[in-house]
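Shown next, in structure tokens, is the structure this report addresses.
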Amino acid sequence: RRRQKKPPPVRFVVADVENLPFPDASFDCVVDTFSLCVFEHPERALRELHRVLRPGGVALLVEHSRSAIGALGAYQDAVAAPVKALAKGCAWNQDVVGLVEGAGLTIVGTTPSLFGLLTAVEATKAA
């Protein structure tokens, strides 16, 4: 009979995304889904993600993004203000890749879906 390993302890913390209560380089992987669009300052949140990610660590994101399809991207821009007002503050036309790169992370890969309205991003922090 094989001895089963106990899962690592999990701790849930409610914190300010721009000032996380964790030491530098404390996570191997950070996962973020559908939240950059509602943060007041997504660039600050990503800089904080960069801070807590260890060198060589991986960031995995799935986010609303501005479509590269001309008419669809233009439509997103045209209705961004009412969408933000009606959708809990969601800025659905962000340049997610630009935000991630601006935080100092290196893009490993991106996967757009739903005509580019959603983008999955894998990024790393330089070792």
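The residues of the chain expose on average 66 square angstrom of accessible surface per residue, using a 1.4 Å probe on protein heavy atoms. On the principal axes of its alpha carbon atoms, the stretch 48-90 extends 39, 24, 13 Å, with the longest extent given first. What does the charge count near Pro21 come to, summing +1 for each Lys or Arg and -1 for each Asp or Glu among other residues with Cβ under 14 Å from its Cβ? Around Pro21, the charge tally is -2.
Largest first, the three principal axis extents of the alpha carbons in the chain are 58, 32, 30 Å in whole numbers.
In a shell of Cβ-Cβ distance under 15 Å around Gly104, excluding Gly104 itself, what net charge do Lys and Arg (+1) and Asp and Glu (-1) give? Before the final figure, lay out the partial values.
Working: positive: Arg44, Arg47, Arg51, Arg54, Lys125; negative: Asp24, Glu43, Glu48, Glu101.
Every neighbour counted, the sum reads +1.
Do any chymotrypsin sites (Phe, Trp or Tyr not before Pro) in the stretch 1-90 lie in a loop, going by DSSP, with at most 15 other beta-carbon atoms within 10 Å of their beta carbon, and if so which? Listed in order of number, the matching sites are Phe12, Phe34. Between the stretch 1-36 and the stretch 78-93, the alpha-carbon centres lie 29 Å apart. Approximating the spin labels as points 7 Å out from Cα along Cα→Cβ, the Ala74-to-Val38 distance works out to 3.2 nm.
Here the chain carries DSSP beta bridges of which approximately 70% are antiparallel, counting only pairs with both residues inside.
Compared with the dominant Cα axis of the chain, that is its longest principal axis, helix 42-52 is turned about 20°. Between Val14 and Ala85, the C-beta separation translates, for a Förster distance of 25 Å, into a calculated FRET efficiency of about 0.45. For Phe115, Phe22, the ranking by accessible surface with the largest value first comes to Phe115, Phe22, using a 1.4 Å probe.
Counting only protein heavy atoms and a 1.4 Å probe, tell me what percentage of the stretch 62-115's accessible area is made up of carbon and sulfur. Carbon and sulfur together cover 66 percent of it.
For the stretch 1-92, trypsin sites (Lys or Arg not before Pro) meeting the loop criterion (DSSP other than H, G, I, E, B) and having at most 15 other Cβ atoms within 10 Å: Arg1, Arg2, Arg3, Lys5, Arg11, Lys88.
The values are calculated or read from the model by the stated rules, or taken from the named source; none is laboratory data. All values reported here derive from a predicted model rather than from experimental measurement. When we count neighbours, we look across all protein chains shown, and the Cβ atoms used for this are built from the backbone with ideal geometry, even at glycine. Quick note on the areas: whole protein, heavy atoms, side chains included, nothing else; ligands and nucleic acids left out. Shrake-Rupley method; radii C 1.70, N 1.55, O 1.52, S 1.80 Å.
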